[in-house]
Amino acid sequence: MDSLLANGTLNATLVSSDTYFGIYNELSKYNIQLNIFERLWATWYAYMQNDVLATGIMSFVMHEAVYFGRSIPWIIIDQIPYFNKYKLQGAKIPTMKEQWTCTKLVILSHFTVELPQIWLFHPMAKSCGMDTGVPFPAWQTMAIQIAIFFVLEDTWHYWMHRLFHWGFFYKNIHKIHHQYSAPFGLAAEYASPIETMVLGAGTVIIPIIWCLVTQNLHVLTMYLWITCRLFQAIDAHSGYDFPWSLHHFLPFWAGAEHHDVHHEQFIGNYASSFRWWDYVMDTESGPEAAKKRRERKQAKLAKKAQ
């Protein structure tokens, strides 16, 4: 119950009931200042009576629910001919066999690579000062922190991903992720264990460092950040570009149009969420980027010849 105490706002309520909703009802009597989600959260930790187990189960279930919950709509869309006109590589619709093969490796990776890390998350988070209690932080605080994590993770992802395209690392680590030249949602985490750990470190370690420095981070913010990052990664691998896709409204957003070219051409467009690192480092991929490079090269040669 100690993890539930946050700034003295939650009473150390002793509950006699051994059922989840019995504890919820008892806790609600003495903590009317908490909203329903905060009560459900506090009840979970009180019911489990083991913070490591409570956070571990919640983290793993959250990850699986978000990952496959967001991937399933793309599987359905792939089976509906109407949406083919929005497919970036229209002739390459993944078969159900390919989807299932991908799913099996992803599930194996989740249980053998990610589950142990998730299980160690609570003690690591607590040792860094991360809050797991109630009440939750203000939504404005969470939104600002998540925005910062997006920017920092994008930087980490760009340079690590670019490194993975260098000779030895590509052949022995990253090549498996490029098995599908026309990606689909489930393939977002179709990768070697080493790549999963290295690129995933940007998602997890950056908030941990933030927490160490600021001593201001709640595990709920971490969950919302991971949810947003999973949505971004799965959508970027979806293979579809709709008129309402985010990059049409935010030009610096990457999205599927940006990442699909990377899978098709095996080079360039290394960033995860944004386009600015590829622009600054001149690693943009695709016909338009190649045309701009030729034009810049010709302009330099013409200037030099004068």
Meets criteria (polar (S, T, N, Q), closer than 30 Å to Leu40 by Cβ and surrounded by fewer than 16 Cβ atoms within 10 Å (Cβ to Cβ)) for Ser71: no
I need a count of the residues in the stretch 75-105 that are β-branched (Val, Ile, Thr), part of a helix (DSSP H, G or I) and surrounded by 11 or more Cβ atoms within 10 Å (Cβ to Cβ). 4
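Rule-based calculations on the coordinates, nothing more; no lab input. What you are looking at is a predicted structure, and each value in this text was computed from that prediction instead of being measured. Every residue, glycine among them, receives a Cβ derived from its backbone with ideal geometry; neighbour counts consider all protein chains shown.
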